[in-house]
1. Nearest 20 debye, what's the magnitude of the dipole of segment 15-77 about its Cα centre given +1 on Lys and Arg Cβ and -1 on Asp and Glu Cβ?
2. Fewest to most neighbouring Cβ within 10 Å: what's the order for 28, 34?
3. Once the dipole of segment 110-149 is set up with Lys and Arg at +1 and Asp and Glu at -1 on Cβ about the Cα centre, which of 124, 140, 114 lies farthest towards its positive end?
4. Per residue of segment 46-63, in order, report the coupling 6.51 cos²θ - 1.76 cosθ + 1.60 (Karplus, θ = phi - 60°) as ³J(HN,Hα) in whole Hz, putting x for Gly and Pro.
5. Taking K and R as +1 and D and E as -1, what net charge do the other residues with C-beta under 14 Å from the C-beta of residue 140 add up to?
6. What are the principal axis extents of the Cα atoms in segment 15-77, in Å, biggest first?
7. Using the Karplus curve 6.51 cos²θ - 1.76 cosθ + 1.60 with θ = phi - 60°, work out ³J(HN,Hα) for each residue of segment 11-17 in order, rounded to whole Hz, and write x for Gly and Pro.
8. Using 0.36 nm per residue, how much length does the chain from residue 1 to residue 137 gain when fully extended, once their Cα-Cα distance is taken away?
Amino acid sequence: MTYVYTKDPISGGDVTAKYVDTDGNKISDDVVKSGNVGDTYTTEQKTIAGYTFKEVQGSVTGTFTDQVQTVTYVYMKNNVTPSPQPDDHSDTPESIKNNGNKNESTSENKNILPQTGDNEGLSMIGMISGLFLIFGTIVVILFKRKRQD
């Protein structure tokens, strides 16, 4: 008869994997692993949206001991440029290119009516010229009538 003796397993300290950013802020839930003293453990690096893995502090793999162990995964926040949001407002500046011609529309000139080519100085000269022409025609007609009489 053969007797085989085995040691009673001794519960080891937990291994906690923490996921933080470079400022030490928690960015994902911790993962806690438990085991017996002498058993092996492995922690995993997570893929976290908006962050890039930078470094690990502690042992990624190892054996459980009677002490609590911590493995910290440090991530760096990605620089995100804001994407332009479509804007349905009609008073915002727009620049559209059509067949090589550039049409610009801004909120500044939305309140101005389209120009018709009128020039106030030329209009005044035209009115004065018209009055002189009418006055001259009346004078000529009056002289011709007096001559005929």
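Here, each number is a calculation from the coordinates, and none is a lab measurement. Since we're looking at a predicted model, the values are computed, not measured. Because the Cβ atoms are built from the backbone with ideal geometry, glycine has one as well, and the counts that use them run over all protein chains shown.
1. Rounded to the nearest 20 debye, it is 160 debye.
2. If I rank by nearby Cβ atoms, fewest first, I get 34, 28.
3. In segment 110-149, that residue is 140.
4. Using θ = phi - 60°, the values come out as 9, 9, 10, 4, x, 9, 10, 4, 10, 7, 10, 10, x, 8, 5, 10, x, 10 Hz.
5. Result for the local shell: +4.
6. Answer, in whole Å and largest first: 36, 16, 16 Å.
7. With coefficients 6.51, -1.76 and 1.60, one gets 5, x, x, 5, 10, 10, 9 Hz.
8. 34.1 nm is the gain from fully extending residue 1 to residue 137.
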